[in-house]
Amino acid sequence: MITAQLVKELRERTGISMMDCKNALSETNGDVDAAIEVLRKKSVLKAEKKADRATNEGALVVGVAETYGFIVEVNTETDFAAKDQDFQEFLNVLREYCITNKPGSLEELNDGFKDNLLQIIQKIGENIKISNYQVIEGNASNISSYIHSDGRLASLVLLANSNDSLGKDIAMQVAANNPLAISPDDIDVAILDKEKEIALATLENENKPEEIKEKIVLGKLNKFKQENSLLEQPFIKNPDQKIQDLTKDNSILGIIRRKVGE
């Protein structure tokens with residue numbers, strides 16, 4: 001006989017709906033451990049059926065361990081699911097897992113956290129994916145993080161010397177202004193070549209000497225580099241200062257920025 005107490009026990013151990021727990025217990029004649037295996041298999045099947053469904057919403061997980069910091073993106077089908085209490089608890093478990101285990105890659109993270117992922121898919125009833133995992137190496141005291149209140153935008157900053165206040169300000173800057181690199185010289189050459197190509201195209205029909213066109217293109221490229229390198233950007237809290245004015249005897253060794261869906 002499948003009692004309410006058995007259903008409750010299975011529900012507490014798995015977090016799966018009461019009806020699914022009752023059906024699993026019926027299949028296993030009240031054997032709770034066997035019912036858990038049934039639910040796990042069904043979770044796999046449900047996950048496979050949902051795997052092709054679009055996941056355009058979600059949230060970010062940010063954490064700092066002893067020697068590294070990380071940002072993980074987890075996608076859901078709907079914003080409603082991303083705000084679900086069970087999903088938020090799943091994110092907390094994921095954060096602790098990354099702090100404890102330090103996965104070496106996204107594939108390793110997905111493999112090690114597979115069972116947890118299947119469980120939350122079973123609970124929420126949506127396709128859920130761990131889609132991005134980035135790590136910044138460094139002493140925990142030198143890493144600062146920022147995550148927006150909606151959980152969809154986050155950043156990490158690694159400083160040469162520990163300075164929590166400075167680190168948080170720069171992390172907020174990175175999240176808000178999305179620099180392409182720390183300094184102008186660090187911007188990808190391919191990106192600069194594309195900008196140069198665009199600038200030249202805008203001058204194609206201009207009746208100007210070639211040397212003047214070259215100066216105009218150079219000016220546009222320099223402006224692009226200033227706007228897109230962190231050190232050259234105006235500080236969002238005080239536009240009269242640049243980020244390089246804040247660092248003084250410190251230096252920025254690394255940055256990571258992530259926004260859900262990018």
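The values are calculated or read from the model by the stated rules, or taken from the named source; none is laboratory data. Predicted model only: the values in this text are computed from it and were never measured. Here the Cβ is made from the backbone with ideal geometry for all residues, glycine too, and neighbour counts use every protein chain on show.
Here are a few things to note about the model shown:
- Residue count for the range 215-262 under the criterion of being assigned to a helix (DSSP H, G or I), under 21 Å from residue 163 (Cα atoms) and among the polar types (S, T, N, Q): the result is 2.
- Residue within the range 107-116 that is surrounded by 19 or more Cβ atoms within 10 Å (Cβ to Cβ) and farther than 28 Å from residue 252 by Cβ present: yes
- Which listed residue is among the aliphatic types (A, V, I, L, M), part of a helix (DSSP H, G or I), more than 30 Å from residue 247 (Cβ to Cβ) and at pLDDT 95 or above, from 117, 200, 166, 109: 109
- Residues of the range 137-172 satisfying the condition of being of a type in the set (Asp, Glu) and closer than 19 Å to residue 262 by Cα: 150
- Among residues of the range 133-151 that are over 16 Å from residue 251 (Cα atoms), those with a Cβ under 7 angstrom from a residue that is of a type in the set (Phe, Trp, Tyr) and surrounded by 20 or more Cβ atoms within 10 Å (Cβ to Cβ), sequence gap 6+ or separate chain, pair up as 133/70; 134/70; 135/70.
- Positions within the range 75-90 being buried (at least 19 other Cβ atoms within 10 Å of the Cβ) and assigned to a helix (DSSP H, G or I), in sequence order: 81, 82, 87, 90
- Answer residue from the range 1-26, given it is of a type in the set (Gly, Ala, Ser) and free of Cβ contacts under 8 Å to residues at least 40 places away in the same chain and is surrounded by the most Cβ atoms within 10 Å (Cβ to Cβ) among those: 24
- Some residue of the range 234-257 being over 30 Å from residue 168 (Cα atoms) and in contact with a Phe, Trp or Tyr (Cβ under 6 Å, 6 or more places away or on another chain): no
- Of the residues making up the range 142-162, none is of a type in the set (Val, Ile, Thr) and assigned to a helix (DSSP H, G or I).
- Scanning the range 2-37 for residues that are closer than 15 Å to residue 120 by Cα and polar (S, T, N, Q), we see that the one that is farthest from the chain's Cα centre (by Cα) is 17.
- Hits in the range 235-254 - residues which are among the hydrophobic types (A, V, I, L, M, F, W, C) and touching a strand residue (DSSP E or B) at 6+ places or on another chain (Cβ under 7 Å): 235, 243, 246, 252, 253
- Test: residue in the range 69-76 that is among the small types (Gly, Ala, Ser) and either modelled with pLDDT under 95 or over 19 Å from residue 145 (Cα atoms) (or both): no
- Test: residue in the range 208-218 that is crowded, with 17+ Cβ neighbours inside 10 Å, over 30 Å from residue 74 (Cα atoms) and free of Cβ contacts under 8 Å to residues at least 40 places away in the same chain: yes
- Those residues of the range 146-158 which are of a type in the set (S, T, N, Q) and surrounded by 21 or more Cβ atoms within 10 Å (Cβ to Cβ), in sequence order: 155
- Among all positions in the range 172-194, there is no residue which is out of contact with any strand residue (DSSP E or B) (no Cβ under 9 Å at 6 or more places or on another chain), modelled with pLDDT under 95 and in a loop (DSSP other than H, G, I, E, B).
- Out of 252, 243, 256, sole residue that is at pLDDT 95 or above and closer than 24 Å to residue 151 by Cα: 256
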